[in-house]
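The numbers here are math on the coordinates, done by the rules we state, and not lab data. All values derive from a computational prediction rather than experimental measurement. As a convention, Cβ positions derive from the backbone with ideal geometry for all residues, glycine included, and neighbour counts pool all protein chains shown.
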């Protein structure tokens, strides 16, 4: 995926390529099918909490580029966040 694609675009792409039907995602997450359809068409956004529920049912990993963290060579650190560590990730605070 392009580095400039939005988080919502990345979620849309993951939904499309997951092999899981929108109906199944709707049932597993409790998100109304019409809302999910509008989101997939780019007609509306979703709250982060709602996107969290979608990520939990998809076979994907979320990676956050954290430029505030120090890494020798480029000043960036990538943090991988699995669904299992999501609760811990919510506790992380981003300082600028």
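Structure above, values below:
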| item | result |
| --- | --- |
| Subset of segment 33-60 [closer than 14 Å to residue 21 by Cα and free of Cβ contacts under 8 Å to residues at least 12 places away in the same chain] | 33, 34 |
| Those helices (runs of 4 or more DSSP H) lying entirely in segment 1-62 with at least 3 residues loosely packed, with under 11 Cβ neighbours inside 10 Å and within 13 Å of the chain's Cα centre (by Cα) | none |
